[in-house]
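Accompanying notes for the structure given below.
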Amino acid sequence: AEGCASKRFRPGGQTFCSVPQSLSTRRQLYERDFPVYKQPVEVGCFSLDSERNFFSDSRQLRYYSDPGKSPKLNLRDGHHDRFIKRDESVKERLDHLLRWILENRVKLHSRNAATSPPCTLGVDFVTWRGHLTKLLTTPYETQEGWLLAVSRFGGTLYISEMETEAARVNRENRTERHEEMMYWGYKFEQYVCADDVHSVPDGCGVVNTNEAFCTVVQTRLADHKLLFSGEVDCRDKDPKSPPAPACYVELKTSAEICTPKQRSNFHRYKLLKWWAQSFLPGVPRIVAGFRDHDGVVVSVETFHISKISQLIKNEYNCWKPTVCMNFCSDFLSFVKSVVKEDDPRLVYLFAWEPHRDVTFSVHKDSEYTFLPDWYIKEMAS
Ligand code: 0WD
Ligand code: CA
């Protein structure tokens, strides 16, 4: 190809061009030293209320309240009479995070000014934590592919996920059982979260999935400066607990583990996703409610993120944190090398399906454009 230098993209590139056309996801290519991952720093937060209104504060942050080791919590309660579900057909893309950036750009710029020109954010990537989680788990994922749209604007690369055709079909055809099990996770949150430091959880209230508290963190992976946001379930009540994100607690529910095979599957598949999601923003622990087939939590267990890699070491051919982080780092390098043109109307769509390489296509003024006019206008002023 024209302008093709004899430089091979490291390590999984498929061509000898300086702009590779694809990126391999083979695990072996990413088994090297753990890359630099700076301690994530919370630079701000925001809340979404029961009507999904945005507030640049922590009003939706809740406090963890220990339910005891075997509490018998009925997760089915309230599904039909006290449940308000967020409209999942509304695609919010990066909008809430962009709104936070606009309201905090002076603070952001002063943080990063020393290393970046004026009128820029001083970070390489802006995205949701959930998108990075998908990148971390890609070398081990065999079921679901992804589509990540990327635009360069003001020197920063914005990454926003697009729903795949398969994911849309799955979402529109969920069984009643699956819908109910999705509710169980939110119901568990309600049983163990209090609205204030001095109050107790109210299991009789309404579960409303519009409500969210999100942390905004900054960190660096190898030479990529990242700014991302992730939803946080609750925080430690103790006033002596460390500052955010170290005081945050992630909540999960999972089927109770009864056999060695179930334990092995839990370690191999579920703990990978749990680890990746909480490691990224520096959330140190997960509280898991293990439930029976009827949706009753029969035991509660804490997992410390820093101990998970020890826990899985006895599994044969198990996932490795270094592979996850190196793949993510190389993907971000790949994106930097591909997305050179600074234009918010131009979208580079990176696509991946299990057992395939990552590829991309380019789209101008298409359905994939995701940076809103209000953001572009305000940033340019
Ligand atoms: O694709 C996404 N992840 C999008 C997320 C697209 C557009 C918006 N959002 C935003 C929302 O503002 C939400 O508050 O996602 C925020 C959460 O983002 P995240 O932390 O980056 O996502 P992720 O780590 O995948 O999920 C964290 C929690 C989930 O908890 P569990 O324990 O199941 O992992 O956020 C919830 C869910 O409770 N969640 C979502 N909430 C709103 N919209 C979404 C979503 N699309 N996906 C997961
Ligand atoms: Ca959770």
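General remarks:
- The chain: translational diffusion in µm²/s, Stokes-Einstein, Kirkwood Rh over Cα pairs, 10 °C, 1.306 mPa s: 72 µm²/s
- Centroid-to-centroid separation of the range 103-149 and the range 168-183 [C-alpha atoms, Å]: 29 Å
- Ascending count of other beta-carbon atoms within 10 Å, so fewest first, for 247, 328: 247, 328
- Extension gain for residue 351 to residue 256 (0.36 nm times residue separation, less C-alpha to C-alpha distance): 30.7 nm.
- For the chain, with +1 on Lys and Arg beta carbons and -1 on Asp and Glu, the positive-most of 298, 29, 227 along the dipole: 29
- The GNM of the chain, with springs linking C-alpha atoms under 10 angstrom apart, assigns the highest mean-square fluctuation among 88, 353, 42 to 88.
- At R0 = 30 Å, FRET efficiency that the Cβ-Cβ distance of residue 103 and residue 196 yields, to 0.05: 0.75
- What you get for the range 213-345, charging only the Cβ of Lys and Arg (+1) and of Asp and Glu (-1), is a dipole of about 340 debye around the Cα centre.
- A Gaussian network model of the chain, with springs between Cα atoms under 10 Å, assigns the largest mean-square fluctuation among 309, 199, 229 to 199.
- Relative contact order of the range 130-214, pairs being alpha-carbon contacts under 8 Å that are 6 or more residues apart, as %: 16 percent
- Dipole of the chain [Lys/Arg +1, Asp/Glu -1 at C-beta], most positive-end residue of 325, 203, 55: 325
- Mean Cα-pair separation over length for the chain, i.e. relative contact order, pairs under 8 Å, 6 or more apart, %: 27 percent
- Listed residues 259, 314, 217: farthest to the positive end of the dipole of the range 164-317 (Cβ charges): 314
- Between the range 293-366 and the range 35-80, the Cα center-to-center distance that results, in Å: 22 Å
- Label-to-label distance, residue 91 versus residue 311, with points set 7 angstrom from Cα along the beta-carbon direction: 3.6 nm.
- MRE, 222 nm, helices only [DSSP H, n ≥ 4, -39500 (n - 2.57), over the chain, to nearest 500]: -8000 deg cm²/dmol
- Under 19 Å from the Cα of residue 340 - aspartates and glutamates, other chains or at least 8 residues apart: 2, 124, 223, 330, 365
- Each Lys and Arg Cβ is given +1 and each Asp and Glu Cβ -1; about its Cα centre, the chain then shows a dipole of about 1340 debye.
Values quoted throughout were computed directly from the atomic coordinates according to the rules given, and no laboratory measurement underlies them. No experiment lies behind these values; they were computed from the predicted model shown. Because the Cβ atoms are built from the backbone with ideal geometry, glycine has one as well, and the counts that use them run over all protein chains shown.
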